[in-house]
Amino acid sequence: MTTLSDVRAVVEDLWPADRAEGWDAVGLVAGDPSQRIERILLAVDPVLETAAEARELNADMLLVHHPLLLRGVTSVAADRPKGRIVTDLIGSGIALLAAHTNADIVERGTSAELARAIGLTETRPIVANGADESIGLGRIGTLPEPTTLGALAAKLAQSLPSTATGVRGAGDYTETVQRIAVCGGAGDSLLEHEAVLEADAYVTADLRHHPASEARDRHSMGAGPALIDLSHWASEWLWLNAAREQLAERLPGVEITVSDLRTDPWDFALPQ
């Protein structure tokens, strides 16, 4: 029998909590360590839809990337979204566990899987986490052959699940790119990192107006990368398949499912 405690130990081995950022809130949110785990649902977001999906699948655990209680709350009353999720999961005997920045930085983390999807070689972290140079935030690498910014954006659009906002680019659609930096999730904090400035293109998500505008001007002046902006959710979704493979290898007999629900917050976009 596999218990929540067993799963928790595997998760800690794969994505050590002590490597999470200091502001993060990873680990077990709800669940009895002694409870039996037969089915796990993997999702990026702990939202009403994925909690309902976990119940429909008769899952024993919802393992997510984004923490539900990242910012302090004073109530988990069921008339509030976070409280509704907690109430429904506990009422259904479903454990909730989050692996966030501790899962971003590993060799098969969010950025590494994004780099793999576009075929980057000789990758390394943009920001190393400790002495192990294979662990760290973001990835930078080289495409086997040069391509155009537009073709790279098109490859990402084909590789990632579709969203209302799609894939956006800043730079000449036909310009040649080969050295690529990537960061799954919100990555505009790395726009001025030396490794990113040396890249031909930077692929990330949640680029805000002012940092992106400045980076665009810098690129126009011949310094810094062109930009490709993705949905935050889509940029991290690929990690779920890697997590499923790793968990399945360590937890034989446990059924592990990746959620196909689109939990990107935007439902539609209109051309202008």
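The values are calculated or read from the model by the stated rules, or taken from the named source; none is laboratory data. Everything quoted here is computed from the prediction, not taken from an experiment. Note that each Cβ is placed from the backbone with ideal geometry, even for glycine, and that neighbours are counted across all protein chains shown.
Which one of these is β-branched (Val, Ile, Thr), crowded, with 22+ Cβ neighbours inside 10 Å and closer than 23 Å to Leu230 by Cα: Val86, Val64, Val127?
Working: Val86 fails: closer than 23 Å to Leu230 by Cα; Val127 fails: crowded, with 22+ Cβ neighbours inside 10 Å.
Going through Val86, Val64, Val127 in turn, just one is β-branched (Val, Ile, Thr), crowded, with 22+ Cβ neighbours inside 10 Å and closer than 23 Å to Leu230 by Cα: Val64.
Do we have Ser34 as in a loop (DSSP other than H, G, I, E, B), over 17 Å from the mean Cα position of the chain (by Cα) and within 28 Å of Glu255 (Cβ to Cβ) here? Spell out how you get there, then give the answer.
Details: in a loop (DSSP other than H, G, I, E, B): yes; over 17 Å from the mean Cα position of the chain (by Cα): yes; within 28 Å of Glu255 (Cβ to Cβ): yes.
Criteria met by Ser34.
Contact list please: Cβ distance under 7 Å, first residue in segment 170-186 and assigned by TED's automatic domain parsing to the domain that holds Thr110, second residue crowded, with 24+ Cβ neighbours inside 10 Å and acidic (Asp, Glu), pairs at least six apart or on different chains.
Matching pairs, first to second residue: Gly184/Asp104; Gly184/Glu236; Gly185/Asp104; Gly185/Glu236.
If we only count helices (runs of 4 or more DSSP H) wholly inside segment 178-263, which ones have 1 or more residues that are hydrophobic (A, V, I, L, M, F, W, C) and touching a Lys or Arg at 6+ places or on another chain (Cβ under 7 Å)?
Answer list for segment 178-263: 232-250.
Are any residues in segment 87-126 in contact with a Gly (Cβ under 6 Å, 6 or more places away or on another chain) and among the charged types (D, E, K, R), and if so, which ones?
Glu122
Within segment 163-212, can you find the residues that are touching a Leu at 6+ places or on another chain (Cβ under 9 Å) and of a type in the set (D, E, K, R)?
Answer for segment 163-212, where residues must be touching a Leu at 6+ places or on another chain (Cβ under 9 Å) and of a type in the set (D, E, K, R): Arg168, Asp172, Glu175, Arg179, Asp188, Asp200, Asp206.
Which one of the conditions (1) surrounded by fewer than 19 Cβ atoms within 10 Å (Cβ to Cβ); (2) modelled with pLDDT of 95 or more; (3) closer than 29 Å to Ser189 by Cα does Leu230 fail to meet, given that it meets all the rest?
Going through the list (1) surrounded by fewer than 19 Cβ atoms within 10 Å (Cβ to Cβ); (2) modelled with pLDDT of 95 or more; (3) closer than 29 Å to Ser189 by Cα, Leu230 breaks only (1).
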